[in-house]
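**Q** For reference, the structure I am asking about is given below.
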Amino acid sequence: MLEIKGLQVALNGTQILKGVSLTVGRGEIHSVMGPNGSGKSTLSKALAGHPSLEIISGSILFDGKNLLEMTPEERARAGLFLGYQYPVEIPGLGNSEFLRMAYNAKRIAEGKEELDAMEFEDILDEKMGLLGMDGKFRERGVNEGFSGGEKKKNEILQMAVLDPKLAILDEIDSGLDIDALRVVAEGVNSLMTKDKSLILITHYQRLLDYIRPDYVHVLSDGRIVKSGGPELAHSLEVEGYDGLAAGAVR
Amino acid sequence: MKDDNVETGLMDALDARREYKYGFTTDIESDSFAKGLSEDVVRAISAKKEEPDWLLQFRLDAYRKWTQMPQPDWAQLKIEPIDFNAISYYSSPKSKKKLGSLEDVPQEIRETFDKLGIPLEEQKRISNVAVDAVFDSVSVATTHKRRLLEAGVIFCSISEAVREYPELVKKYLGSVVPPGDNFYAALNSAVFSDGSFVYVPPNTIPPMELSTYFRINTEGTGQFERTLIICAEKSQVSYIEGCTAPQFDTNQLHAAIVELVAMDDASIKYSTVQNWYPGDPETGKGGIYNFVVKRGKCAGKNSKISWTQIETGSAITWKYPSCILQGDGSVGEFYSVALTTGRQQADTGTKMIHIGKNTRSLIIAKGIAADRSSNAYRGLVKMTPGASGARNYTQCDSLLIGGRSSAHTFPYIEGGNPTAQVEHEASTSKINEEQLFYLQQRGVSREQAISAVINGFCKEVFNHLPMEFSVEARKLLSLKLENSVA
Amino acid sequence: MTTQTATVPREVEIIKSFTRSLAGGGGDGSLISLKEASIKRFGELGFPKRKHEMFTYAQTGELVETQFATSLVQSLARFAEPLKSHILTGCERSVVVMVDGYFSPALSNIAGVSDHVVVTALGEAAKNGRILAMLEKSATGETDVFAALNGAFFRDGVMIRVKPGAKLSAPLLVVALSSGAKDSLAASYPRILVEAGESSEASVIVKYAGFGGAYFVNAREDVIVGDGAALGYCVIQADGPESWNMTKLAVELGASGRFNHTMALNGGRLARRNIEAHLKGEGGKIEISGASALAGKEQSHIYARVYHEARDCESSQLFRNVVTGDSKTSVDTTVIVGEGASGSVSRQLVNALILSGGARADAKPNLMIYNDDVKCSHGATSGGVNADQLFYMTTRGVSRRDAERALVAAFLRSVTALLPTPASVEAAEELIVRKMENVK
């Protein structure tokens, strides 16, 4: 599904990613963990196609297509979804109006007809119900005045509406209390099917108790320094990132 | 400030005081023109300085333009009309009476020196006290100049530069502030006395900061000072103007021009701490009018010009250090603290003109108005139609102390390009009583608390001053505030 | 349109035409002294020459040189049909109509609010000494030359008085309709005086619109908000791109008064609005918000002065402008806090979206503070749509173009949503939000 090879990325003249390689197969759940400054958010921005990044070298293939040559909207329509750590607020643009725009953009890309407001509302209602979200979110501006937890739920709602092939969730657990975390995790789990893939970018291992990864990778100083199964997350919890780095040096 | 200017000025003032205090007058041998300005005076100035014809023509052209211009009228400033015919436009500093010892320097000035922590030897030098061999400012200055020349850096007076490096002066003089630009630019271009000339060749970083302290000055600098700094490709220079010592001058009008030119990948940092005599704190009379045109041209790609100023003196301050961001990727910065006390009036700010692509400007301006002073920020950020990808961020804040001062903010934000972004924010309030109370509760006196809070308010600007200067500037601010916070 | 001959200054020509108009009977006699004071003031002020502080960004040269005939309303009949489309839902029985600057009782209908509101011709109202004195004082002290022109040439205006303690159930709509003609340019001078009695609660909507061609409307709105009164005051400026619109709003706010002023502006060949607000009573609160969206060569300018003259008053201003094509907008707004106005709080925010290479947006939010016990802040931004918001939307598959359109609409809606009634919000949406959708 996703093949990243030797990705080197710079931001504002400073190199952050120094050769990241990662392969994610269909139906797999991967977790990328790392301390602050390791390059986690740069990795997710690179996958989304943020204009401020400079791709020094490397390649990313998504479903066999060259992702680096695709604009952000092309990547989204091809089935890639990025859930942001800090979702931006767009006051004045109604949440449901925005979701309908995104949904219809995808339908057109798939050669289908757009849905009108009424038809879309039914779909939105269903998805909001799955996530236990209050109807009042519909008319509010996108993320406007939302709490941290509400913003994250809104990201998952978008994921539910857009039904991507590959979702990359950047620190979806940050700023959430136990209850919110559980709701978000359950929402994510309910959306995962055998042919959908997921990359969880996270700092803490806590999230992984709720969404069980198949593979865990450790990102440190712009490189993946260790990969393993779910038990790797537990060792991290015990040894910390420093312990792991010490281990890597040995 | 410039050595000779300080000495001449201080001498005049000291003598005036001596006259008042001790009841007798002293004669100073002087060589000055009679008052008044005319084309003949301009010619005489040029002749006196033995200038080449091209420079005489430059002056005459400026003078002619000046006669056609009306005096500027800024609604905010209350100025007595200036009588341009009551000023003498040339005065030689040949004769400087030396004082016998530091005791001859008035108490008030000595106290200020002490509070500012200015070392004894420097006090002597600034007050033109007969100096023993221990500290010889002339030899120190000579050493610096030699070190700079070894690195290829030219640092001398404008008059010397006209003689030694005329092609450079001719090429750049008036290229950033054309004589016809405004009233005071025209006046200065006609009658400028002297100032600094700096040329940094490509790929060079001077071994030290350039300070007007150490410029050898054979000609008088007076009130119409002219500075020209050129920084060639991939070079850097940091220039410091002014000092925290109080500057007295019987000449009331100071109309200077500073021009900076930065080529590709060059960077110029210009720092000013200015403490001109502000006039009688009750009446405001006798203070200096400080009208300066300072402008930098970021001519080259990725060039950078950064202005930092701490303004605490003058009766009237009127200056807008500006940047013309012509080269693609060029950067302009302006950091300013303007403190007004007594009856001072300040109208200061900056102009950032974005012309090239992907240019950036940053403006941080802090104004503090105490007593019955008036403090205005006036700024222009202009995005011309070609300025794609430009970015500006401006933050100007004003603090009012005591109920009778006034603070004003006049930003002009002109947007003409869809990909250029301007972001401006400003606030005005009085000093935060809660912060003061918190400090006082920890045993700090109210005076010190106010000083601390204001230092915090100005911190961002102080951080951009060269280190030693920054320490002096903080002290200066505290000193000035001491008298204002009852 | 004739061009003027070089020798006689425009001011002199205009003063002559004033004298002629008075000779021909200049409307209600009680207003003559006011008009004479205004023309005198006009002569003192003169049209702006280069670099005039009140017209920094609004170039009035072309307007000043244009010869306009004064509108004389012959028949009301031709206004009846165009009027219909401008009467907002819910205001059918609370509408005051002015046609080419003349108050038309025949076309007005205030049956729905007649218990709470008294509507009279201004000449009639000026028979009251207090009202006349107030009008004359504003005439002699006028600082805006175009407002002085209105003071001299208005025919008869309308006074709307909300009774003390009244609470209006429906908003009162004032439609100022101007007629244009293909072969001539006419100028009209609507004049509106609104007085909200003490402790009253009301909402007034003023709509400027026209038909039949281009015209020049030079209007004056005086608003007095009594102690403890709350007045919502909305202006929808819906003139066409070829017309000229100059308006001045002078508002006085009493103690604990509330004045909420919203605007939806369509611009014009030159459209400029001068807002002069005096917060005279303690604890008064004023909110001003305006949005404009311009295309082609349209212009819309705001010049505002808010004076905090009493303690503990609060003012906040929000201006959001979108410029496309070769249009120009400017906002020159100053908050002046006087020496006695301790406890003043003020905010100003000016945001502009510049969407084309030829468009221009200027902002000048100024502060003049003479008292230290204040909290005053302002901000201004200009540029294209927010890059982070745009990126976010594209990563959800929305095309850049659609995303930009949606963001422009959201930007304008943040202000149009503040208009007092659903009908007025809809009118504003139609006027400026949908206008932008059609532009790109």
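No lab work stands behind these numbers, since they all come straight from the coordinates. Keep in mind the model is a prediction, meaning the values are calculated, not measured. FYI the Cβ positions are ideal-geometry reconstructions off the backbone, even for glycines, and counts take in every protein chain you see.
**Q** May I ask what percent, to the nearest 5, of DSSP beta bridges between residues of the stretch C:10-385 are antiparallel?
**A** Numbers: 9 of 140 bridges.
Counting DSSP beta bridges with both partners in the stretch C:10-385, the antiparallel share is about 5 percent.
**Q** Now a separate question. Over the alpha carbons of the protein assembly as shown, what is the largest minus smallest coordinate on each principal axis, giving the biggest first in Å?
**A** The Cα atoms of the protein assembly as shown stretch 104, 96, 61 Å along their principal axes.
**Q** Please order C:LYS84, A:LYS152, B:LYS171, C:LYS207 by the number of other Cβ within 10 Å, starting at the fewest. All intermediate terms of the calculation are to be shown ahead of the outcome.
**A** On the way: C:LYS84 8, A:LYS152 27, B:LYS171 12, C:LYS207 23.
Taking fewest neighbouring Cβ atoms as first place, the list is C:LYS84, B:LYS171, C:LYS207, A:LYS152.
**Q** I need to check one value: relative contact order of the stretch A:129-221, counting alpha carbon pairs closer than 8 Å and at least 6 residues apart, in percent.
**A** Working: 64 pairs, mean separation 29.1, N = 93.
In percent, rounded to a whole number, it is 31.
**Q** Could I ask something else about it? Antiparallel versus total DSSP beta bridges in the protein assembly as shown: what percent is that, nearest 5? Walk me through the numbers before you get to the answer.
**A** Working: 54 of 312 bridges.
Counting DSSP beta bridges with both partners in the protein assembly as shown, the antiparallel share is about 15 percent.
**Q** What would the Debye equation give as log₁₀ I(q)/I(0) for the stretch C:10-385 at q = 0.11, 0.13 Å⁻¹, counting only Cα atoms as equal point scatterers?
**A** -0.74, -1.08
**Q** What FRET efficiency would be calculated for the residue pair B:GLN236, B:TYR393, taking the C-beta separation as r and a Förster radius of 22 Å, to the nearest 0.05? Mind showing how you got there, number by number?
**A** Values: r = 23 Å, r/R0 = 1.06.
The value I calculate is 0.40.
**Q** Tell me the label-point distance for the pair B:TYR438, A:SER147, using the 7 Å Cα-to-Cβ offset, in nm and rounded to one decimal.
**A** 2.7
**Q** Tell me, how many Å apart are the Cα centres for the stretch B:302-344 and for the stretch C:244-277?
**A** The stretch B:302-344 and the stretch C:244-277 have Cα centres spaced 36 Å from each other.
**Q** Before anything else, pin down the relative contact order of the stretch C:10-385: Cα pairs under 8 Å, at least 6 apart, normalised by residue count, whole percent. Write down the numbers at each step before the final one.
**A** On the way: 1041 pairs, mean separation 40.7, N = 376.
For the stretch C:10-385, the relative contact order is 11 percent.
**Q** How many angstrom separate the Cα center of the stretch A:1-62 from the Cα center of the stretch B:358-404?
**A** Each part reduced to its Cα centre gives a spacing of 40 Å.
**Q** Would you mind getting me the FRET efficiency between B:ASP40 and B:ALA151? Use the beta-carbon distance for r and R0 = 51 Å, nearest 0.05. Don't jump to the answer; show the numbers that get you there.
**A** On the way: r = 43 Å, r/R0 = 0.84.
Computed FRET efficiency for B:ASP40 and B:ALA151 comes out at 0.75.
**Q** Order of C:CYS91, B:CYS231 from fewest to most other C-beta atoms within 10 Å?
**A** Result, fewest neighbours first: C:CYS91, B:CYS231.
**Q** Just add up the charged neighbours of B:SER175: K/R +1, D/E -1, any other residue whose Cβ is under 14 Å from the Cβ of B:SER175.
**A** Summing Lys and Arg as +1 and Asp and Glu as -1 gives +2.
**Q** Let me ask something additional. If you count, for every residue in A:85-96, the Cβ atoms of partner chains within 10 Å of its Cβ, what is the mean? It would help to have the intermediate numbers written out before the result.
**A** Working: counts 0, 1, 1, 8, 4, 11, 6, 13, 10, 3, 0, 0.
Mean partner shielding for this stretch: 5.
**Q** Here's another thing I want to ask about it. Within 10 Å of each Cβ in C:356-364, how many Cβ atoms from other chains are there, averaged over the peptide?
**A** Values: counts 2, 7, 4, 5, 6, 7, 6, 8, 6.
Per residue, the number of nearby Cβ atoms from other chains is 6 on average.
**Q** Let me ask something else. I want to check the label-to-label distance for B:ASP53 and C:LYS16. Put each point 7 Å from Cα in the C-beta direction and report it in nm to one decimal.
**A** 5.6
**Q** So, by mean Cβ neighbours within 10 angstrom, what's the order for C:186-193, A:92-99 with the highest one leading? Walk me through the numbers before you get to the answer.
**A** Numbers: C:186-193: 24.4, A:92-99: 21.4.
Packing proxy ranking, top to bottom: C:186-193, A:92-99.
**Q** Could I ask something else about it? What does the net charge come to around C:LYS297 if you take all other residues with beta carbon closer than 12 Å to its beta carbon, with K and R at +1 and D and E at -1? The partial results should precede the final answer.
**A** Numbers: positive: C:ARG269, C:LYS328, C:ARG360; negative: C:GLU62, C:GLU242, C:GLU298, C:ASP326.
Every neighbour counted, the sum reads -1.
**Q** Next question. Mind checking C:406-417 for the average number of partner chain beta-carbons within 10 Å of each residue's beta-carbon? Before the final figure, lay out each step's value.
**A** Working: counts 8, 3, 1, 3, 10, 4, 1, 5, 5, 1, 1, 2.
Counting other chains' Cβ atoms within 10 Å and averaging over C:406-417 gives 4.
**Q** Pop a pseudo-label 7 angstrom from the Cα along the beta-carbon direction at both A:LEU115 and A:ASN66 and give the gap in nm to one decimal.
**A** Label at A:LEU115, label at A:ASN66, 3.6 nm between them.
**Q** Using DSSP, restrict attention to beta bridges with both residues in the stretch A:145-250 and report what percent are antiparallel, rounded to the nearest 5.
**A** Working: 5 of 10 bridges.
Counting only bridges with both partners in the stretch A:145-250, antiparallel ones make up about 50 percent.
**Q** While we're here: Suppose only helical runs count, i.e. DSSP H with n ≥ 4. What mean residue ellipticity at 222 nm does that imply for chain C under -39500 (n - 2.57) per run, divided by all residues and rounded to the nearest 500 deg cm²/dmol? Walk me through the numbers before you get to the answer.
**A** Numbers: 11 runs with 104 residues, N = 440.
Taking each H run of at least 4 residues, the total per residue is -7000 deg cm²/dmol.
**Q** For B:LEU362, what charge total do you get from the other residues with a beta carbon under 10 Å from its beta carbon, if Lys and Arg give +1 and Asp and Glu give -1? Before the final figure, lay out each step's value.
**A** Values: positive: B:ARG360, B:ARG391; negative: B:GLU333.
Taking every Cβ under 10 Å from that of B:LEU362, the sum is +1.
**Q** Now for a separate question. Got a sec? How would B:TRP307, C:TRP244, B:TRP54 order by Cβ neighbour count within 10 Å, fewest to most?
**A** Details: B:TRP307 27, C:TRP244 23, B:TRP54 12.
If I rank by nearby Cβ atoms, fewest first, I get B:TRP54, C:TRP244, B:TRP307.
**Q** Among C:LEU231, C:LEU367, C:LEU265, which one shows the highest mean-square fluctuation when chain C is modelled as a Gaussian network with alpha-carbon springs under 10 Å?
**A** The residue that fluctuates most here is C:LEU367.
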